[in-house]
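Undergrad: First, the structure itself, so that you have it in front of you.
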Amino acid sequence: MTKMSNANLVEVRGLRKWFPVQRSFIERLVTRQREFVRAVDGVDFEIRQGEVFGLAGESGSGKTTTGRLILRLTEPTEGQILFQGVDLASLGEEEMRQMRRHMQAIFQDPYASLNPRMKIGDAIGHSLEIFGIAKGEEKRERVLEMMERVGLTPPSILYEKYPHQLSGGQRQRAVIARALILQPDLVVADEPIAMADVSVRALLLELMRELKEEFNLTYLFITHDLATAKYICNRIAVMYLGKIVEMGPLRKVYQAPLHPYTQALLAAVPVPDPKFRRTQPMPKGEIPSPINPPPGCRFHPRCPVAEPICSQEEPALVEVEPDHHVACHLVKR
């Protein structure tokens, strides 16, 4: 793994989150053995100051849970998360509340992210009051300025609107404005354009890129779409069934993927050429259960090039090229 550095804004070590499976009374009588959903099962990575670090994978890979763990919206089962060198697990409730001023989130669903009973301007500026930064006319001026910056225009009119009176794209811009009003150091963006109309997705991505440069932000960008990641990320980690299987600079991972799962994800990206024919075999079968993940490499039941060792021994995530890590027995170091 990459050595810890002062340039790292976030450092994640041995992170695990196992959710206990809820069982019926009869099931508890039949067996006393508890089962767990291994949503995140031992991941290590760092997010460097000023970069866009992507977490990519299919549904159920653990990427969203990882983002929630970093924000400490969910408590980890095991592992360590350092933010600006501070172990988040060591912080009390009030200390963590103050820390959240420096780490904000953009969630996937703008409909659920905004209070339907709160005006857009009040929703965006609410955190300014919570942290005692601004109130009254000063708060209003700051909110109007941020609304103008994210493209919510005319801001003086939209300030008084309720979420249901805005389009989906406008709601997502409001969520972005709310996340940035505190000028945080880290923004966890969980599928931030997935629910937006296709016509506005590129505009939202471009807006996020511009805001990153303007406010010197660091993004954790969570996505299932590698084509989207290509547009905005500097580095990327690919997750499968709670594990990171490949991680490295976006250009390297995109142009020369080493793990069969990464290759399969990239092969699934649509190509606007009717004559194009895929040569990469697609994974077979369904994603195994995170309650009983397969032994060895978790991808081996679906891997088109799996060998006997893949089902017997779990591969470590190792650096095979400068800053390029992969967990695969078939990749030579």
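The values are calculated or read from the model by the stated rules, or taken from the named source; none is laboratory data. Keep in mind the model is a prediction, meaning the values are calculated, not measured. Please note: Cβ atoms are built from the backbone with ideal geometry, for glycine as well, and neighbour counts cover all protein chains shown.
Undergrad: I need every pair where a residue in the range 289-309 that is among the charged types (D, E, K, R) has its Cβ under 9 Å from the Cβ of a residue that is crowded, with 18+ Cβ neighbours inside 10 Å and not in a loop (DSSP other than H, G, I, E, B), sequence separation at least 6 or different chains.
TA: From residues that are among the charged types (D, E, K, R), the pairs are Arg298/Asp41; Arg298/Tyr240; Arg298/Lys243; Arg298/Val245; Arg302/Pro260; Arg302/Tyr261; Arg302/Ala264.
Undergrad: State whether the residues of the range 203-223 include one that is at pLDDT below 95, closer than 25 Å to Pro301 by Cα and in contact with a strand residue (DSSP E or B) (Cβ under 7 Å, 6 or more places away or on another chain).
TA: No - not one qualifying residue is present in the range 203-223.
Undergrad: Continuing with this model, one more query. What helices (runs of 4 or more DSSP H) completely inside the range 1-112 contain at least 2 residues that are at pLDDT below 95?
TA: Where helices (runs of 4 or more DSSP H) fall fully within the range 1-112 and carry at least 2 residues being at pLDDT below 95, they are 25-30, 93-99.
Undergrad: Only one of Ser127, Ser156 is surrounded by fewer than 20 Cβ atoms within 10 Å (Cβ to Cβ), assigned to a helix (DSSP H, G or I), polar (S, T, N, Q) and out of contact with any strand residue (DSSP E or B) (no Cβ under 9 Å at 6 or more places or on another chain). Can you tell me which? Show your work before the answer.
TA: Numbers: Ser127 fails: out of contact with any strand residue (DSSP E or B) (no Cβ under 9 Å at 6 or more places or on another chain).
Of Ser127, Ser156, the one residue that is surrounded by fewer than 20 Cβ atoms within 10 Å (Cβ to Cβ), assigned to a helix (DSSP H, G or I), polar (S, T, N, Q) and out of contact with any strand residue (DSSP E or B) (no Cβ under 9 Å at 6 or more places or on another chain) is Ser156.
Undergrad: Sticking with this structure for a sec: Is it true that Ala194 is within 29 Å of Gln49 (Cα to Cα), assigned to a helix (DSSP H, G or I) and among the aliphatic types (A, V, I, L, M)?
TA: On the way: within 29 Å of Gln49 (Cα to Cα): yes; assigned to a helix (DSSP H, G or I): no; among the aliphatic types (A, V, I, L, M): yes.
In short, no.
Undergrad: Take the range 133-148 and flag every residue that is part of a helix (DSSP H, G or I), free of Cβ contacts under 8 Å to residues at least 24 places away in the same chain and surrounded by fewer than 19 Cβ atoms within 10 Å (Cβ to Cβ).
TA: Of everything in the range 133-148, those that are part of a helix (DSSP H, G or I), free of Cβ contacts under 8 Å to residues at least 24 places away in the same chain and surrounded by fewer than 19 Cβ atoms within 10 Å (Cβ to Cβ) turn out to be Gly136, Glu137, Glu138, Arg140, Glu141, Glu145, Glu148.
Undergrad: Restricting the range 43-88 to residues that are hydroxyl-bearing (Ser, Thr, Tyr) and under 28 Å from Gln263 (Cβ atoms), which is surrounded by the fewest Cβ atoms within 10 Å (Cβ to Cβ)?
TA: If we take residues in the range 43-88 being hydroxyl-bearing (Ser, Thr, Tyr) and under 28 Å from Gln263 (Cβ atoms), then Ser59 is surrounded by the fewest Cβ atoms within 10 Å (Cβ to Cβ).
Undergrad: Right, next: List every residue pair whose Cβ atoms sit under 6 Å apart, with the two residues 6 or more apart in sequence or on different chains, where the first one lies in the range 171-197 and is buried (at least 24 other Cβ atoms within 10 Å of the Cβ) and the second, anywhere, is part of a loop (DSSP other than H, G, I, E, B).
TA: Listed pairs, sorted by first residue: Gln172/Ala196; Arg173/Gly151; Arg173/Leu152; Val188/Leu71.
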